[in-house]
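None of the figures in this text is laboratory data; all of them are computed from the coordinates on show. Since we're looking at a predicted model, the values are computed, not measured. All Cβ positions, even for glycine, are placed from backbone atoms using ideal geometry, and neighbour counts span all protein chains on display.
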Amino acid sequence: MSLARVHTDNAPKAVGPYSQAIKVNGFVYTSGQVAIDPTTGKLIEGDIKEQTKQVFSNLSEVLKAAGSSLEKVIKTTVFLKDMNNFAAMNEVYASYFTTQLPARSTIEIARLPLDAAVEIECVALTD
């Protein structure tokens with residue numbers, strides 16, 4: 001089994017004892033990303049759409065560091081602080097997945113790190 005920790009300075013650092021992602025046997029499993037600006041280390045200000053865009057920016061950088069990309073994502077899990085934000089999040093989400101539509105689960109959760117509005121994790125194929 002080939003197992004490798006993935007790290008990039010272009011995405012937020014892990015805030016605990018975990019990796020940004022793990023690459024194993026042709027797959028990359030990302031940790032959940034919230035809307036932290038990797039240059040400041042702080043949650044961005046903005047509505048659910050702005051937060052979702054930042055989350056995808058962070059995910060893209062982690063996937064890139066793993067030798068993958070959003071085009072190779074096969075499964076996502078979306079955690080929303082408020083399911084009333086589903087339509088707005090989904091509008092942004094749809095702009096990132098236009099041809100290859102991954103499987104997805106969306107879950108409302110009581111609280112996210114830093115009181116973020118959205119967190120997304122994914123599984124993707126690697127090169």
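When all C-alpha to C-alpha distances in the stretch 67-127 are sorted into bins of 10 Å, what percent of pairs does each bin hold, rounded to whole numbers?
Result, from short to long distances: 22, 50, 25, 3 percent.
Could you name the aspartates and glutamates whose alpha carbon sits less than 13 Å from that of residue 64, not counting residues in the same chain fewer than 8 places away?
9, 127
Quick one: grab Rg to one decimal and Dmax as a whole number for the stretch 35-82, Cα atoms only, in Å.
11.7, 33
Using alpha carbons only, how many angstrom separate the centre of the stretch 107-127 from the centre of the stretch 67-92?
8
Which value at 222 nm does the chain reach when only helices count, each DSSP H run of 4 or more adding -39,500 (n - 2.57), with the total divided by all residues and rounded to the nearest 500 deg cm²/dmol? Could you put the intermediate results ahead of the total?
Values: 2 runs with 29 residues, N = 127.
Using -39500 (n - 2.57) per qualifying helix, the result is -7500 deg cm²/dmol.
Please identify every one of the trypsin sites (Lys or Arg not before Pro) in the stretch 2-56 that sits in a loop by DSSP and has no more than 14 other beta carbons within 10 Å of its own beta carbon. Let's see the in-between values first.
Details: sites: 5, 13, 23, 42, 49, 53; in loops: 13.
Listed in order of number, the matching sites are 13.
So what are the three principal axis dimensions of the chain from its Cα atoms, in whole Å, longest to shortest?
The Cα atoms of the chain stretch 41, 32, 22 Å along their principal axes.
In whole Hz, what ³J(HN,Hα) sequence does the stretch 35-41 give by Karplus (6.51, -1.76, 1.60; θ = phi - 60°), x for Gly and Pro?
Running phi through 6.51 cos²θ - 1.76 cosθ + 1.60 with θ = phi - 60° gives 7, 8, 6, x, 7, 9, x Hz.
Count neighbours as other Cβ atoms within 10 Å of each site's Cβ, and list the GluC sites (Glu not before Pro) in the stretch 96-125 that are DSSP loop with at most 14 such neighbours. Please list the in-between numbers first.
On the way: sites: 108, 119, 121; in loops: none.
Of the GluC sites (Glu not before Pro), not one in the loops of the stretch 96-125 has a Cβ with at most 14 other Cβ atoms within 10 Å.
Name the longest site-free stretch of the chain, where the excluded sites are chymotrypsin sites (Phe, Trp or Tyr not before Pro) in a DSSP loop with no more than 16 other beta-carbon atoms within 10 Å. Before the final figure, lay out each step's value.
On the way: sites that count: 18, 97.
Result, exposed sites excluded: 19-96.
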